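What follows is a set of notes on a single structure, which appears directly below.
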Amino acid sequence: MRKNFGAKAWTYPQPVFIIATYDEQGAPNAMNAAWGGIDYDDQINLCLSADHKTVKNLLATRAFTVSMATVEQMVACDYVGIASGNSVPDKFAKAGFHATKAEFVNAPLIDELPMAVECELISYDPEMCHLVGRIVNVSADESILDEKGKIDPAKLRPITFDPIHNSYLVIGEKVGNAFHDGAALK
């Protein structure tokens, strides 16, 4: 028997994305966002309300980065989700983050978060809080690469958001082979 909960924004996994931007003066800012995902091969969608400082910044610069939150930086990643850049102008530094300008877009890479997606703004609908970005580049620190030069989730240790219990979970255990294991049922 199933229990019905009604309409909820409950899905698993919900990524913990850290969205980073520069303001008009070149100061970095970051926020935590869990409602988002890949749309096409080169597009990312995010649900971000217009009152966020990060959204104001990316509308001005038309660029942003999306970093994967990690176990090692969980406290800082949570902090940028609960502190507002509108009232805490140095929230990026208070989180302990350091910025390096992304190579392909006018937005900061967060040095402490080893994987990032560099994006250009395609569109933003403030009424629906719907942002679409074009993926220009994915960059990863060598510390999270495997012997074949690919990103290793076990080294990255990304976290997801559990919306039911308001907690963070770590990703990492391999349980199968995509586009292969289902062939057993053919």
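The values are calculated or read from the model by the stated rules, or taken from the named source; none is laboratory data. None of these values were measured; they are calculated from a predicted model. Here the Cβ is made from the backbone with ideal geometry for all residues, glycine too, and neighbour counts use every protein chain on show. For the accessible areas, the whole protein counts, side chains as well, though only heavy atoms, and no ligand, DNA or RNA atoms are used. Shrake-Rupley method; radii C 1.70, N 1.55, O 1.52, S 1.80 Å.
Given a 1.4 angstrom probe, what's the average accessible area per residue across the range 77-151, in square angstrom? Mind showing how you got there, number by number?
Numbers: 4120 Å² over 75 residues.
It amounts to 55 Å² per residue over the range 77-151.
Please work out the FRET efficiency for the pair residue 142 and residue 167, using the Cβ-Cβ distance as r and a Förster radius of 30 Å; give the result to the nearest 0.05.
Numbers: r = 31 Å, r/R0 = 1.02.
Calculated value: 0.45.
What does the range 77-132 give for Rg and for Dmax, in Å, if only its C-alpha atoms count?
Cα only, the range 77-132: 13.2, 33 Å (Rg, Dmax).
Just to confirm, what accessible area per residue do you get for the range 1-43 at 1.4 Å probe, in whole Å²?
Values: 2940 Å² over 43 residues.
Ligands and nucleic acids excluded, the result is 68 Å² per residue.
For the range 48-186, which whole-number percentage of the solvent-accessible area (1.4 Å probe, protein heavy atoms only) is attributable to carbon and sulfur atoms?
55
Arranged from highest to lowest average of other beta-carbon atoms within 10 Å per residue, in what order do the peptides 30-38, 130-138, 167-175 appear?
Working: 30-38: 19.9, 130-138: 17.7, 167-175: 11.6.
Ranking the peptides 30-38, 130-138, 167-175 by packing returns 30-38, 130-138, 167-175.
Can you give the local net charge around residue 145? Use residues other than it whose beta-carbon is closer than 15 angstrom to its beta-carbon, Lys and Arg +1, Asp and Glu -1. Don't skip to the answer; put the middle values down first.
Working: positive: 148, 150, 155, 157; negative: 141, 142, 146, 147, 152.
Neighbour charge sum, excluding residue 145 itself: -1.
Once you sort the root eigenvalues of the Cα gyration tensor of the range 1-146 as a ≥ b ≥ c, which label holds: rounded (a/c under 1.5), prolate (a/b larger than b/c) or oblate (the other case)?
Values: a/c = 1.36, a/b = 1.28, b/c = 1.07.
Rounded.
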